[in-house]
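The next block holds one structure in the form of structure tokens; read it before the comments.
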């Protein structure tokens with residue numbers, strides 16, 4: 001069982017250099033977990049590629065359909081962003097070292113992982129990885 005953020009999961013749908021390795025890893029896992037927030041962020045990734053004309057409307061729709069199939073087929077295990085996660089994420093900034101750059105959405109991903117007992121997060125986001133380390137979570141890419 002692994003926990004991944006949007007930068008990692010996007011490589012399942014967006015062909016990039018690391019995509020084949022990501023696919024091998026997630027397909028070998030018995031459970032691939034992510035924050036409910038990733039559902040929105042991933043749609044944003046798809047739409048950005050359409051908006052920036054990196055994808056045609058056909059490419060966009062194909063990615064949305066594949067993600068919908070994966071979602072309904074149970075490929076992803078969605079972990080809720082509940083009040084406890086939000087409270088912990090909001091509260092962390094009071095004691096976060098000032099040198100740590102932590103975006104609010106990344107904070108929600110990290111505290112979703114923490115709340116559900118994960119000690120590692122799969123990410124390709126350098127800022128997220130640094131923040132994870134500051135919070136005691138091991139960042140892991142491929």
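Set side by side, the residues 28, 17, 57, 9 differ, and just one is closer than 14 Å to residue 71 by Cβ and either surrounded by fewer than 19 Cβ atoms within 10 Å (Cβ to Cβ) or in contact with a helix residue (DSSP H, G or I) (Cβ under 9 Å, 6 or more places away or on another chain) (or both), which is 9.
Residue check: is residue 120 buried (at least 22 other Cβ atoms within 10 Å of the Cβ) and touching a strand residue (DSSP E or B) at 6+ places or on another chain (Cβ under 6 Å)? In short, no. Checked against (1) within 19 Å of residue 4 (Cβ to Cβ); (2) surrounded by 14 or more Cβ atoms within 10 Å (Cβ to Cβ); (3) free of Cβ contacts under 8 Å to residues at least 60 places away in the same chain, residue 126 meets all criteria but (2). Looking at segment 52-88 only, could you name the residues that are in contact with a strand residue (DSSP E or B) (Cβ under 9 Å, 6 or more places away or on another chain), closer than 17 Å to residue 31 by Cα and not in a helix (DSSP H, G or I)? Within segment 52-88, 75, 76, 77, 78, 79, 80 meet the criteria. Of 40, 22, 26, all but one fail to be closer than 24 Å to residue 126 by Cα and free of Cβ contacts under 8 Å to residues at least 24 places away in the same chain; the exception is 40. Would you call residue 50 surrounded by 15 or more Cβ atoms within 10 Å (Cβ to Cβ), farther than 22 Å from residue 140 by Cα and at pLDDT 95 or above? Considered against the rule, which asks whether it is surrounded by 15 or more Cβ atoms within 10 Å (Cβ to Cβ), farther than 22 Å from residue 140 by Cα and at pLDDT 95 or above, residue 50 comes out as yes. Of all the criteria given as (1) touching a helix residue (DSSP H, G or I) at 6+ places or on another chain (Cβ under 6 Å); (2) surrounded by fewer than 16 Cβ atoms within 10 Å (Cβ to Cβ); (3) closer than 20 Å to residue 118 by Cβ, the one not satisfied by residue 101 is (3).
Inspection of segment 93-106 identifies no residue that is assigned to a helix (DSSP H, G or I) and more than 21 Å from residue 126 (Cα to Cα). Any residue at all in segment 61-72 that's under 20 Å from residue 118 (Cβ atoms) and in contact (Cβ under 8 Å) with a residue 24 or more places away in the chain? No: zero hits.
The values are calculated or read from the model by the stated rules, or taken from the named source; none is laboratory data. Predicted model only: the values in this text are computed from it and were never measured. When we count neighbours, we look across all protein chains shown, and the Cβ atoms used for this are built from the backbone with ideal geometry, even at glycine.
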